[in-house]
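A.B. asks: Quick one: the structure is below, questions incoming.
The values are calculated or read from the model by the stated rules, or taken from the named source; none is laboratory data. Quick caveat, the model's predicted, so the values are computed rather than measured. Cβ placement follows ideal geometry from the backbone for every residue including glycine, while neighbour counts extend to all protein chains displayed.
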Amino acid sequence: MHRNLVGSDDRATHRSDDRATHRPGGQGTDAWREFGALLRHWRRRAGLTQAQLGAGIGYDHTAVSKIEHGARRVTPRIARRIDELLGAEGELSEACLRAETAALPALDPFAPGLLRPPLPSHLSLVPAPAPALLPPRRLPDYGLLCPLHDAQGCDVPEERELAALHLEFCNADPAAAPPLDAATAHALAGLLAAYLRAGEHGHRPALAVAIEHTLRAVLARLALAPAAQRRPLARLAAEHAHAAGALRMQDGKGATAMACFDRALTWARLAEDEATQVGTLSDLSTLARLDDDPGVALGYACEIERAAPGRHWASAMGGIGRARALALTGDVRGTVREIDRARAHVEHIGARDEADAPWLTIASMRLRVESAAAAALRDLAAEVDDPRLARRALAAAGTALELLGPAQLPASRLLFNVRIADCLVCAHDPQAAVDLLGPTLEAGPGDPLPALVGYELRGLRARLAVHRPQVARRLGELAGL
């Protein structure tokens, strides 16, 4: 309806792009060039520069320039935001949808590498019995969005219907299966949230295998799905692979977790799912730290902001990841700088950030940043033997513990107590650390500790062995050393 308003230079661009759209193999690229030309027209009509438009959507002016030249894509959410800013009455959203549809056939059903599951098939053909689950009533939940409706609230089917929908999805013949309907999408996302919540209480191996079983059914559908169904299925695949990797990482299975995370990134990029990309890159950075490889940890942390440019929540996540990696190298200035940057980004988190990543609120993001700041400053204090840094770590850990709240799970509270005790040792106060650890040292054997808690205990044990060797031996028993 608005094509007649396009100026002469833009009309020429549209004619050129229309001809290019019919060239074999060029549909996706040329459709994004058409989108870019249309964006340029509406931006000029609104009297905005590229920098002014970029400020409105959280992008740099160079990113806007790339979009206008068809060298960079946008998500439907960003297209809707630009529509609102420029008053394009939905024309840019429609052009974005056309470009996405043109690009999606690149998901070749005969490309086995793209749809290869993370683990060999014989390892997870039959899921092991999982513990009793408590599915959520609505999405988003546990950081999981509805794959069809994004962050808008969606009802999850009742438990009995959810189980039936999941079974039907996993057992259906992919070649004859109907399109992914809303009830099934809600059931799969809700069940995945229940798996992740149950994983905080243990049973991680069985839950990871159950998630892998569902992932295979998702990939079987994705291989044959029409273009309109590929994005939500790719998102489901990314979320399931990331969840399986997170559970296996917490269970100390680093190599298996790495395989899951690698596939999760592939499918998250295909679905343009920024939240899963950021979460996966953050977990990859953590995994590298667990392997005592700060260089690789730093590399993954640097990728986080590239996955979600202009997002304060992603910048904060990238900052704390870089701080943790730099601390292991003894880089005092770099570590402190990244902590300060992460804290600054938290102060700017708003409604748009929370819509992008519903697993984040300002309080939960501050908890993440202060917890990571405490760990980074503690690592730094241990590396350079500076009790002043340890006292700064104690302050951050205390703030994080207050934000944690009394209702949080025992494993989370144990992690914080161990971290605070380690800060006390690095502050040259080992007796205060021993006093704090009293209940932990008296506890009997229980479920295997999550890998992150075990990692903290190993570091504390090594530092405490110099001052309290008997306590260090008891910590070794708790950590399974």
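A.B. asks: Mind checking whether some residue in region 141-163 is in a loop (DSSP other than H, G, I, E, B), free of Cβ contacts under 8 Å to residues at least 24 places away in the same chain and within 20 Å of P232 (Cβ to Cβ)?
C.D. replies: Yes, some residue in region 141-163 is in a loop (DSSP other than H, G, I, E, B), free of Cβ contacts under 8 Å to residues at least 24 places away in the same chain and within 20 Å of P232 (Cβ to Cβ).
A.B. asks: Let me ask something else. Only one residue in A255, A182, A163, A193 is modelled with pLDDT of 90 or more and touching a Phe, Trp or Tyr at 6+ places or on another chain (Cβ under 9 Å). Which one?
C.D. replies: A193
A.B. asks: Out of everything in region 37-84 that is modelled with pLDDT of 90 or more and not in a helix (DSSP H, G or I), what residue ends up being nearest to the chain's Cα centre (by Cα)?
C.D. replies: H69
A.B. asks: Please go through region 296-330 and pick out each residue that is at pLDDT 95 or above, surrounded by fewer than 21 Cβ atoms within 10 Å (Cβ to Cβ) and small (G, A, S).
C.D. replies: The answer is G299, G330.
A.B. asks: Would you check if A185 is in contact with a strand residue (DSSP E or B) (Cβ under 8 Å, 6 or more places away or on another chain) and surrounded by fewer than 24 Cβ atoms within 10 Å (Cβ to Cβ)?
C.D. replies: yes
A.B. asks: Take D18 and decide whether it is in a helix (DSSP H, G or I), at pLDDT below 85 and touching a His at 6+ places or on another chain (Cβ under 8 Å).
C.D. replies: Here the answer is no, as D18 does not meet what is asked.
A.B. asks: Being in a helix (DSSP H, G or I), more than 25 Å from D291 (Cβ to Cβ) and either at pLDDT 95 or above or in contact with a Phe, Trp or Tyr (Cβ under 6 Å, 6 or more places away or on another chain) (or both) is true for just one of R343, R378, R366. Which residue is that?
C.D. replies: R343
A.B. asks: Any chance region 353-361 includes a residue that's under 27 Å from R461 (Cα atoms), modelled with pLDDT under 95 and either among the acidic types (D, E) or surrounded by fewer than 24 Cβ atoms within 10 Å (Cβ to Cβ) (or both)?
C.D. replies: no
A.B. asks: Something else: Quick one: is D155 at pLDDT 85 or above and either hydrophobic (A, V, I, L, M, F, W, C) or within 28 Å of T75 (Cα to Cα) (or both)?
C.D. replies: yes
A.B. asks: For region 278-285, indicate whether the set of residues that are modelled with pLDDT under 95 and surrounded by fewer than 24 Cβ atoms within 10 Å (Cβ to Cβ) is non-empty.
C.D. replies: Checked against the condition, which is being modelled with pLDDT under 95 and surrounded by fewer than 24 Cβ atoms within 10 Å (Cβ to Cβ), region 278-285 yields no hits at all.
A.B. asks: Could we say that A259 is free of Cβ contacts under 8 Å to residues at least 24 places away in the same chain and small (G, A, S) here?
C.D. replies: Taking the combined requirement at face value, the residue does not satisfy it.
A.B. asks: Let me ask something else. So which of W267, W313 is aromatic (F, W, Y), in contact (Cβ under 8 Å) with a residue 12 or more places away in the chain, closer than 24 Å to R230 by Cα and part of a helix (DSSP H, G or I)?
C.D. replies: W267
A.B. asks: How many of the residues in region 123-136 are surrounded by 12 or more Cβ atoms within 10 Å (Cβ to Cβ) and at pLDDT 80 or above?
C.D. replies: 3
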